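This structure is in structure tokens; I'll ask about it shortly.
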Amino acid sequence: MNATHRLVRLARRPAGLPAPDDFALDRAPVPRPEAGQVLVRNTRFLVFPGLRTLIGGETRDVPLPPLHPGDTLFGPLYRRGG
């Protein structure tokens, strides 16, 4: 059996504040690392304030692209204790 991982995807652009129905939980095969890559297991996901801007599509003057329905959410690296 191949290992899978969970992905949180934007299901639709929120109308106002985001709600649970604006997101979808998906499963996908764990990718095999290629030469020079490592596989990391995340135990936490940091929801950063800028994510609201990205899922809302208002990214003018923001150095990151907007997220579209179907895109996987991402966040900054979280380090416990430093």
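Quick note: the coordinates plus some simple rules give every number you see, no bench work behind them. Just so we're clear, the structure is a prediction, and the values are computed from it rather than from any experiment. Cβ atoms come from the backbone with ideal geometry, glycine included; neighbour counts cover every protein chain shown.
Residue by residue, what Karplus-based ³J(HN,Hα) values in Hz, rounded to whole numbers, does region 12-20 have, using 6.51, -1.76 and 1.60 with θ = phi - 60° and x for Gly and Pro?
7, 5, x, 9, x, 5, x, 10, x
So what's Rg/Rh here for region 1-61, counting alpha carbon atoms and using the Kirkwood radius for Rh?
That ratio equals 1.06.
Would you tally the net charge around PRO66, using a Cβ to Cβ cut-off of less than 13 Å, leaving PRO66 out, and scoring K and R as +1, D and E as -1?
So the surrounding residues net to 0.
Follow-up question, since we're still on this one. Which peptide among 30-38, 9-17 comes first, and what is the full order, when sorted by highest mean count of other Cβ atoms within 10 Å?
Packing proxy ranking, top to bottom: 9-17, 30-38.
Ranked highest first by average number of other Cβ atoms within 10 Å, how do 39-45, 52-58 line up?
Values: 39-45: 8.9, 52-58: 15.4.
Per-residue Cβ counts within 10 Å, averaged per peptide and sorted highest first, yield 52-58, 39-45.
Tell me, what HN-Hα J-couplings in whole Hz come from the Karplus equation 6.51 cos²θ - 1.76 cosθ + 1.60 at θ = phi - 60° for each residue of region 45-56, using x for Gly and Pro?
10, 8, 8, 9, x, x, 4, 4, 5, 5, 6, x
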